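Quick note: the coordinates plus some simple rules give every number you see, no bench work behind them. Just so it is clear, the model here is predicted, and its values are computed rather than measured. Methodologically, a virtual Cβ is constructed for each residue, glycine included, from the backbone with ideal geometry; neighbour enumeration extends over all protein chains shown.
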Amino acid sequence: MMNSKLQEAMEQYGEYCIRVAYLYVKEWTAAEEIVQDVFLAYHFQQERFRNDSSLKTYLVKITIHKSYDYLRSWSAKKRQFVESFHLRTAERSSEYLVMIENERQILVDALWKLPLKYREVLILHYYDDYKIKEIAEIIGSSENTVKTRISRGRSKLKELLGPEQWEVLLHD
């Protein structure tokens, strides 16, 4: 029987943690397995959570650590990452949707080309709206390191996208 704290945490943050894990491992099945491990760890070690941060931040931090563990594992090195990043779009004309999806796919493809240390901070900051301080806590780095990685990641992304595509993104 599952305790109510665990069930509530899974319902509230399960999908979000899967998306975070996916951003690291680029495979839905692996991301789901990682998040199962995250909630098992949370279940057996709930007393370690001291409310120093939000439960969401705590679970994301565990998810990131387990994602890194997976990426270092032998099986991760053997798998090919095929799935694409699914983004939601508002209901609009089909031409507009195709154009937006193409722009987003170009951005996603460029993000995947970035080293993980830049990709993770850009996604946490711009996609998930985490503040610098929260990102530093999640990834276990200083705030200055996070700021530097965001700046360098943006520069590398700009190089990958080219000036025209970069300008389009700045105005979205």
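At 0.36 nm per residue, and after removing the present C-alpha to C-alpha distance, how many nm does the segment from LYS131 to GLN45 gain when stretched out fully?
Details: separation 86, 0.36 × 86 = 30.96 nm, distance 2.69 nm.
Fully extending the segment from LYS131 to GLN45 adds 28.3 nm.
Determine, for each peptide in 51-58, 151-158, 134-141, the mean count of other beta carbons within 10 angstrom over its residues, then list the peptides with the highest first.
Numbers: 51-58: 13.4, 151-158: 16.5, 134-141: 18.9.
Highest to lowest by the protection proxy: 134-141, 151-158, 51-58.
Rg and Dmax of the stretch 1-70 over Cα atoms: what are they, in angstrom?
11.3, 32
Give the Kirkwood hydrodynamic radius (Å, one decimal) of the stretch 104-172, defined as one over the mean of 1/r across all pairs of different Cα atoms.
On the way: mean 1/r = 0.0818 Å⁻¹.
About 12.2 Å, per the Kirkwood formula over Cα pairs.
Exactly which trypsin sites (Lys or Arg not before Pro) in the stretch 104-150 are in a DSSP loop and have at most 12 other Cβ atoms within 10 Å? Intermediate results must be reported in sequence, preceding the final value.
Working: sites: ARG104, LYS113, LYS117, ARG119, LYS131, LYS133, LYS147, ARG149; in loops: LYS131.
Within the stretch 104-150, the qualifying trypsin sites (Lys or Arg not before Pro) (loop, at most 12 other Cβ atoms within 10 Å) are LYS131.
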